[in-house]
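Peer 1: Below is one structure. I have some questions about it.
Where a number appears in this text, it was derived from the coordinates with a stated rule and is not lab data. These numbers were taken from a predicted model, which means no experiment stands behind them. Note: ideal-geometry Cβ built from the backbone for every residue, glycine included; neighbour counts use all protein chains shown.
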Amino acid sequence: MIHYINTHPDMGNMLWLEEGNIQIGIALDYGIRVRHLSIKGMENLYYQQPADLSDGFGTPDGWKLRGGHRLWLTPECDGSYYPDDAPVSYTLKDNGVLIVQDVEPPLGIQKTLEITFREDGTVHLLHNFYNRNDHPIVGASWGVNSLDGCGKIEFAYGGGKKGDFYPGTVLALWGATTLADPRLRIERNRIYAEHDKNVSDYFKLGVYCPDGEATLESKGQKLTIGFAVPNIRELPDQGCNFELYMHKKFLEMETLGTITNIAPGESASHWETWKLEEI
């Protein structure tokens, strides 16, 4: 693994990791945020928020979307938008890195992210959410990938079988989202979406994805995100382990873990895998 630090004009001080054909850039001045993901020599797949916040994704208290991969807990609340402006620390490992942030005051949680390059060419991400309060908290871990627009997305939905006594298929819609959205195509057990920067209608959809995999094709690259497939009854948002959000300027591929009662000093974990291929 190759690693180095430099200062990016738009992203600040960055820790860069390279292994095989994969390049990852991690912010050091704030976070935890992975700001760059690509095949070496190709374009960054992650969204880069404009400095003037003209996309509207910032709060009066100073939280910024920024773009990239971030860690959250659901259910979402005002505390989710606490500005993650404090520098992070890191420890290099033989095949990756451990990133640690300070405790977030509103929620009393501390996040860590361990990134590991595997021998099969994939990247494994382990998120840990530590409860630093003096009381238990209940929530589910949530990995959010804010990606640049104009990509094609594909994922499975529905895991039910004949004779089941509990729903095995979840199709959750937020706000004004409609299944008639022109960016969306639903086939038997699979969903296809194509981001369009000319369409500004609100869109967020969640599913129970039984094969734990979603793909994005963008900028000549194919990103496959893998994630866990827990019992549908243990998942947030009526049983979702994958959610897709599309804004006019970017899209988000989101993975979710199980709802957990986290005792003081304990943690909840959540993982993703990334596989990058050139199209």
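Peer 1: Would you mind working out the magnitude of the charge dipole of the range 73-170 relative to its Cα centre, with +1 at each Lys and Arg C-beta and -1 at each Asp and Glu C-beta, to the nearest 20 Debye?
Peer 2: 420 debye
Peer 1: Tell me, in nm to one decimal, what length is gained between His135 and Ala228 on full extension, where the rule is 0.36 nm per residue of separation less the Cα-Cα distance?
Peer 2: Net length gain for the segment: 30.7 nm.
Peer 1: Okay, next question. Report the convex hull volume per residue for the range 215-270, counting only C-alpha atoms, in Å³.
Peer 2: Roughly 121 Å³ of hull volume per residue.
Peer 1: Each residue of the range 167-179 in order: what ³J(HN,Hα) in whole Hz does its phi give by Karplus 6.51 cos²θ - 1.76 cosθ + 1.60, θ = phi - 60°, with x for Gly and Pro?
Peer 2: x, x, 10, 10, 9, 9, 10, 9, x, 8, 4, 10, 6
Peer 1: Compute the Cα gyration tensor for the range 1-138, then decide on rounded, prolate or oblate, letting a ≥ b ≥ c be the square roots of its eigenvalues: rounded whenever a/c is under 1.5, prolate when a/b is larger than b/c in the other cases, and oblate in all that remain.
Peer 2: Since a/c reaches 1.5 but b/c is at least a/b, the shape of the range 1-138 is classed as oblate.
Peer 1: Can you return the aspartates and glutamates within cross-link range of Lys248? Criterion is Cα-Cα under 19 Å, with same-chain partners fewer than 8 residues away left out.
Peer 2: Hits, sequence-local ones excluded: Asp52, Asp55, Asp148, Glu154, Asp181, Glu194, Asp196, Asp201, Glu217.
Peer 1: How big is D for the range 142-260, in µm² s⁻¹ as a whole number, if Stokes-Einstein is applied with the Kirkwood radius of its Cα pairs at 4 °C and 1.567 mPa s?
Peer 2: Translational D for this selection: 89 µm²/s.
Peer 1: With the Cα gyration tensor of the range 193-245 giving a ≥ b ≥ c as the square roots of its eigenvalues, does the rule (a/c under 1.5 for rounded; else a/b larger than b/c for prolate; else oblate) give rounded, prolate or oblate?
Peer 2: Verdict is oblate for the range 193-245.
Peer 1: Follow-up. About the Cα centre of the range 23-91, how large is the charge dipole given +1 on each Lys and Arg Cβ and -1 on each Asp and Glu Cβ? Please answer in debye to the nearest 20.
Peer 2: Dipole magnitude for the range 23-91 comes out near 360 debye.
Peer 1: Between Asn198 and Lys152, 0.36 nm times their residue separation minus their Cα-Cα distance comes to what?
Peer 2: 15.1 nm
Peer 1: With both partners inside the range 69-211, how many of the DSSP beta bridges are antiparallel, as a percent to the nearest 5?
Peer 2: DSSP beta bridges in the range 69-211 are roughly 100 percent antiparallel.
Peer 1: Using the charge dipole of the range 1-60 (Lys, Arg: +1 at Cβ; Asp, Glu: -1 at Cβ; taken about the Cα centre), state which of His3, Gln48, Leu37 has its Cα farthest towards the positive end.
Peer 2: Towards the positive end, the residue furthest out is His3.
Peer 1: May I pose another question? Taking the range 91-149, how much of its Cα-Cα pair set, in percent, is spaced more than 16 angstrom apart?
Peer 2: For the range 91-149, the share of Cα pairs beyond 16 Å comes to 57 percent.
Peer 1: Treating only the Cβ of Lys, Arg, Asp and Glu as charged (+1, +1, -1, -1), what charge dipole size does the chain show about its Cα centre? Round to the nearest 20 debye.
Peer 2: 500 debye
Peer 1: Go through Lys162/Lys219; Lys111/Lys161; Lys162/Lys222; Lys64/Lys275; Lys162/Lys249 and tell me which ones have a Cα-Cα distance over 32 Å in this structure.
Peer 2: Check vs 32 Å cut-off fails for Lys162/Lys219; Lys111/Lys161; Lys162/Lys222; Lys162/Lys249.
Peer 1: At what distance in nm do the modelled label points of Glu187 and Leu173 sit from each other, each positioned 7 Å from its Cα along Cα→Cβ?
Peer 2: 2.2 nm
Peer 1: Using the alpha carbon gyration tensor of the chain, what are the three equivalent-ellipsoid semi-axes (square root of 5 times each eigenvalue), largest first, in whole Å?
Peer 2: After diagonalising the Cα gyration tensor, the semi-axes are 27, 23, 20 Å.
Peer 1: I'd like the distance separating the alpha-carbon centroids of the range 206-279 and the range 83-162, in whole Å.
Peer 2: Measuring centre to centre over Cα atoms gives 10 Å.
Peer 1: Further question on the same structure: Using a Gaussian network for the chain with springs between C-alpha atoms less than 10 Å apart, which of these wobbles most: Gly12, Gly20, Gly163?
Peer 2: Among Gly12, Gly20, Gly163, the largest GNM mean-square fluctuation belongs to Gly163.
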